[in-house]
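Inspection log for the structure reproduced underneath, given as structure tokens.
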């Protein structure tokens, strides 16, 4: 029993020491200034859109919290995506090698404005065409370097959305576009890859009607396979 307690004590002490080391390393390498200088330019280049962010907070176990995210439309000053906060989860062990690896993203209270233009294209169609620009031929993650500090690796495999709103404008139906609004938007995608299909799911209330969809999306081919359920839909007055 005493031997077991000693071994347990050593394990606990080791975990505490590791946590302290990770905390110190995180404070050194994962700083608001470094995130702002690396992730922001990379996001603007990948999206080809103006991106604005507010305060940045770093937490060891919950990740990087970026407040007041604003992504503008490709043309004009209208908002494409906005969110109260964007949380980036980074892996802990790579910090010991002076590497910052971001592998998950969570949007809190986002508002997403989707427009279907008269020609049938969407205001995000260019993102699908340029989906591979931030990746190398070998499919490696996009990198961003800030001065002499460690590179930030964007290897995002999981995306989650909570308590969001989707505003959809359809300009293909006539002189006056139809508008739909989805509230309570919640969803996730995992095992994200630019080269093969990955699963996703969404649920919301669309103009006060229950709505849910789940399926797979293949960025390489642009194909979506999904099952959707929608009841009692009505257009916005």
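No value in this document is a laboratory result; all are computed from the given coordinates. Computed from a predicted structure; not experimentally measured. Backbone-built Cβ (ideal geometry, glycine too); neighbour counts: all protein chains shown.
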Compute the FRET efficiency between residue 70 and residue 96 as 1/(1 + (r/R0)^6), taking r as their Cβ-Cβ distance and R0 = 25 Å, and round to the nearest 0.05. 0.15
Residue separation between residue 61 and residue 125 times 0.36 nm, minus their alpha-carbon distance, gives in nm 19.5 nm
Which FRET efficiency value, to the nearest 0.05, do you get for residue 79 and residue 212 by plugging their Cβ-Cβ distance into 1/(1 + (r/R0)^6) with R0 = 30 Å? 0.70
